[in-house]
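Asker: Let me begin by handing over the structure; questions about it come next.
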Amino acid sequence: MASRSSTPAAPQGRKPRRRPADRRDVILRVAAKAFSDSGYHAVRLDDIADAAGISAPALYRHFPNKYALFAETARSLAGALAAATAAVPSSPEDPAGELRGLLGALTAAAVDNRRTGGIYHWEADYLVDDDARYVRTVVVDQHRRIRSVLYACRPDLDGAAADLITAAMTSAVASPATHRTVLAARQIVTLITDAAMSLTDVELPPESTPRIGPAGGLSPTSKREVLLAESIRLFAARGFREVTIDDIARAADLPPSGVYRHFESKAAILQAAFWRASDRVTAMISDALARAATPRQAIVALVTGYCDMCCTNNDILAVYASEIGNIEPRQRTELRAQQRINVEEWAGWLTRDRPELTPVQARFLVQAALNVTMDLTRPRRRPSAERVSSLGLRLLLADHAPRQSDGVQISQ
C-alpha cells in the first residue's frame, strides 16, 4: 500500500508540469517579439501568456499590467545597447577604429535582437516617467559618444551635420531588426557596419528649408477622401487607439453616421490608409523608373523620390510605420508582401549597378536606406529631402558616388 504522504502520480503518458526557472525571461522574450511585430496597443496579455506557455494569472504575478511588461522590454533592449557600446574601448589615437567598433557593436546587438529590436520605433510614444528617462538617457549617451568620435574623424562638420550623420548611422545599424531577410549574422554585421561607416565622409548639400508638406491648395470634394485625409492626420498626431469616430466626424465636418456611410469601422479607415500608403510607394517606384535610363539613374531617382515623398507626405507613412499592428492579420500579411516586392525592385536595380552585391546583400542595404529615411523624416523638425537623399545614396552606393553623367539630379 502506498504511503499517504506520497506525491500523486502524473496521468499515464503525461509528464508533470514544472515551473521553468527562467519564467520571467521567457515572458520578456515573448512580449518583446510581440511588441516589436505589432506595436503596443495590438498586443494582448492573454496572447503573451499563451505563447509563453503559462496562464494569465501566472503572468500577472510577474507583471501587473501591459505597460509594466512593455517598459521592461524597452529597458532590456536599451540595456543591451548600452552594454554593447560600453564594451568598445575609447581610442583617441584611432577615432575611425573606435567608430567602427561602436557601429559594429550596435549592428551585432541589432542582429542578436532581430525579433525584438523593432520596439525602438515606438518606445518614445508610450514610455513615461522613469522608464522614458532611462531609455532616453541611453539613447542620448549613445548619440553623444558616436558624434564625438565622428567629430574626431571629421572636425570640419558643423553641429547640425554631425547630429544628422550620427542619427543616420544609428538608424542604419538598427535596420536589421526591422525586417526578416535571412543572411549569416557575421555577414550582416560586416555589410551594415561598412555601410554605416561610409557615412563618415559623406558630403551633405547645404541645408535648405525643410518641406513640411503641401502648403495651401484645394481640399478634395469627395467625402470619402476628406474622411481618409482627416483620419490620417488624427492617427499620426494622437495614435489610432486615441482617436474616435466622433473625432473623425468632427474633423471632416460630418455627423458620425456620415462616417459609416463610407467606412464600416475605424479599423476599415486605417486599412484604407495603409493601402493608400502602399499604393503611393508603388506609384513612386514606377515614376522614378520612368525617369531613368540606367541602373544608376534608377537608384538616384528611387532614393530622391522616396525621400521627397516622406518629407511631404509624412503623416501617412508615419501611421503605416507605427500602427500596422492594428489591422487584421490577413491584411497585414498582404501589405508586407507588397512591401517585400517593392524592396526587391530596389535591390534588383542596385545589383545591376553594383554586381559585386548578392541580391540578399542588396536587400539589406535597401532596408537600411529606407529605415534611415523613415527615422530622419519622422520628427516635425526634419532635415531637407536633399540631405536625407544624400545619406540614402551613400548607404546604397558606398564609394560609388553619383556622377554628373548619371543624368538625374539629387536635389529637387
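Asker: For segment 46-66, does any single residue satisfy the condition of being within 30 Å of S148 (Cβ to Cβ) and assigned by TED's automatic domain parsing to the domain that holds A185? Full working, then the answer.
Answerer: Looking only at segment 46-66, we keep the residues that are within 30 Å of S148 (Cβ to Cβ), and these are none.
No.
Asker: Ok, one more. Any residue in segment 305-314 that is farther than 29 Å from A34 by Cα, touching a residue at least 12 places away in the same chain (Cβ under 8 Å) and of a type in the set (G, A, S)?
Answerer: Going through segment 305-314, the residues farther than 29 Å from A34 by Cα turn out to be 305, 307-309, 311-312.
Among the residues that remain, those that are also touching a residue at least 12 places away in the same chain (Cβ under 8 Å) are: 305, 307-309, 311-312.
Remaining after also requiring of a type in the set (G, A, S): 305.
Checking segment 305-314: at least one residue is farther than 29 Å from A34 by Cα, touching a residue at least 12 places away in the same chain (Cβ under 8 Å) and of a type in the set (G, A, S).
Asker: Something else: Just to be sure I understand the filter: pairs with C-beta atoms under 8 Å, separated by 6 or more residues or on different chains, first member in segment 340-356 and assigned by TED's automatic domain parsing to the domain that holds Q367, second member polar (S, T, N, Q) and surrounded by 18 or more Cβ atoms within 10 Å (Cβ to Cβ). Which pairs pass?
Answerer: Final answer for the pair search is V343/Q367.
Asker: Might you check whether a residue that is under 26 Å from D308 (Cβ atoms), out of contact with any Gly (no Cβ under 6 Å at 6 or more places or on another chain) and surrounded by fewer than 14 Cβ atoms within 10 Å (Cβ to Cβ) occurs anywhere in segment 117-137?
Answerer: Scanning segment 117-137, I find at least one residue that is under 26 Å from D308 (Cβ atoms), out of contact with any Gly (no Cβ under 6 Å at 6 or more places or on another chain) and surrounded by fewer than 14 Cβ atoms within 10 Å (Cβ to Cβ), so the answer is yes.
Asker: Within segment 166-193, track down each residue that is modelled with pLDDT of 95 or more and among the charged types (D, E, K, R).
Answerer: R186
Asker: Let me ask something else. Could you tell me whether any residue of segment 144-167 is of a type in the set (K, R), in the same structural domain as L28 (by TED's automatic domain parsing), assigned to a loop (DSSP other than H, G, I, E, B) and over 30 Å from E242 (Cα atoms)?
Answerer: Within segment 144-167, the first condition is being of a type in the set (K, R), and the residues that meet it are 144-145, 147, 154.
Filter once more, so that each one left must be in the same structural domain as L28 (by TED's automatic domain parsing): 144-145, 147, 154.
Then keep just the ones that are assigned to a loop (DSSP other than H, G, I, E, B); that gives 154.
Keeping just the survivors that are over 30 Å from E242 (Cα atoms) gives 154.
There is at least one residue in segment 144-167 that is of a type in the set (K, R), in the same structural domain as L28 (by TED's automatic domain parsing), assigned to a loop (DSSP other than H, G, I, E, B) and over 30 Å from E242 (Cα atoms).
Asker: Going through segment 177-211 one residue at a time, which ones are of a type in the set (V, I, T) and part of a loop (DSSP other than H, G, I, E, B)? Full working, then the answer.
Answerer: Filtering segment 177-211 for residues of a type in the set (V, I, T) gives 178, 181-182, 188-190, 192-193, 200, 202, 209.
If the condition is that a residue be of a type in the set (V, I, T) and part of a loop (DSSP other than H, G, I, E, B), then T181, V182, V202, T209 are the ones that fit.
Asker: Does segment 212-227 contain at least one residue that is over 27 Å from S384 (Cα atoms), modelled with pLDDT of 90 or more and touching a helix residue (DSSP H, G or I) at 6+ places or on another chain (Cβ under 8 Å)?
Answerer: yes
Asker: Just checking, how many residues over segment 284-295 are surrounded by fewer than 23 Cβ atoms within 10 Å (Cβ to Cβ) and in a helix (DSSP H, G or I)? Let's see the steps before the verdict.
Answerer: As a first pass, look at segment 284-295 and keep what is surrounded by fewer than 23 Cβ atoms within 10 Å (Cβ to Cβ): 284-287, 289-295.
Restricting the remaining residues to those that are in a helix (DSSP H, G or I) gives 284-287, 289-290, 295.
Residues in segment 284-295 being surrounded by fewer than 23 Cβ atoms within 10 Å (Cβ to Cβ) and in a helix (DSSP H, G or I): 7 in total.
Asker: Hey, another quick one. Name the single residue that is nearest to the chain's Cα centre (by Cα) among those in segment 63-82 being part of a loop (DSSP other than H, G, I, E, B) and not aromatic (F, W, Y). Walk me through how you get there before you give the answer.
Answerer: First pass over segment 63-82, keeping only residues part of a loop (DSSP other than H, G, I, E, B): 63-65.
Pick out the ones that are also not aromatic (F, W, Y) and you get 64-65.
On the way: P64: 28, N65: 25 Å.
So the residue we want is N65.
Asker: Now for a separate question. Do we have A96 as out of contact with any His (no Cβ under 7 Å at 6 or more places or on another chain), crowded, with 18+ Cβ neighbours inside 10 Å and modelled with pLDDT of 90 or more here? Explain how you work it out, then say what you get.
Answerer: Values: out of contact with any His (no Cβ under 7 Å at 6 or more places or on another chain): yes; crowded, with 18+ Cβ neighbours inside 10 Å: no; modelled with pLDDT of 90 or more: yes.
Judged against the criteria, A96 is not a match.
Asker: Can you report the number of residues in segment 45-64 which are of a type outside the set (F, W, Y) and either in contact with a Pro (Cβ under 9 Å, 6 or more places away or on another chain) or in contact (Cβ under 8 Å) with a residue 12 or more places away in the chain (or both)?
Answerer: Residues flagged as of a type outside the set (F, W, Y) and either in contact with a Pro (Cβ under 9 Å, 6 or more places away or on another chain) or in contact (Cβ under 8 Å) with a residue 12 or more places away in the chain (or both) within segment 45-64 amount to 11.
Asker: If you don't mind, another one. Can you tell me which residues in segment 257-266 are more than 11 Å from R224 (Cα to Cα) and either part of a loop (DSSP other than H, G, I, E, B) or at pLDDT below 90 (or both)? First the steps, then the outcome.
Answerer: If we filter segment 257-266 for residues that are more than 11 Å from R224 (Cα to Cα), which is where we start, we get 257, 264-266.
Across segment 257-266, the qualifying residues are E264, S265.
Asker: When the residues of segment 358-412 are narrowed to those that are modelled with pLDDT under 80 and part of a helix (DSSP H, G or I), which ends up nearest to the chain's Cα centre (by Cα)?
Answerer: D406
Asker: For segment 54-64, state whether one or more residues are of a type in the set (K, R) and surrounded by fewer than 18 Cβ atoms within 10 Å (Cβ to Cβ). Can you show your working first?
Answerer: So the first thing to find is which residues in segment 54-64 are of a type in the set (K, R), and the list is 61.
Cutting the leftovers down to surrounded by fewer than 18 Cβ atoms within 10 Å (Cβ to Cβ) gives us 61.
Checking segment 54-64: at least one residue is of a type in the set (K, R) and surrounded by fewer than 18 Cβ atoms within 10 Å (Cβ to Cβ).
Asker: Sticking with this structure for a sec: Look at segment 309-334 and say how many of its residues are within 18 Å of the chain's Cα centre (by Cα) and more than 17 Å from A268 (Cβ to Cβ).
Answerer: Narrowing segment 309-334 to residues within 18 Å of the chain's Cα centre (by Cα): 309-311, 313-327, 332-333.
Still in the running and more than 17 Å from A268 (Cβ to Cβ): 309-311, 313-315, 317-318, 321-322, 333.
Counting residues in segment 309-334 that are within 18 Å of the chain's Cα centre (by Cα) and more than 17 Å from A268 (Cβ to Cβ) gives 11.
The values are calculated or read from the model by the stated rules, or taken from the named source; none is laboratory data. Since this is a predicted model, take the numbers as computed values, not measurements. Methodologically, a virtual Cβ is constructed for each residue, glycine included, from the backbone with ideal geometry; neighbour enumeration extends over all protein chains shown.
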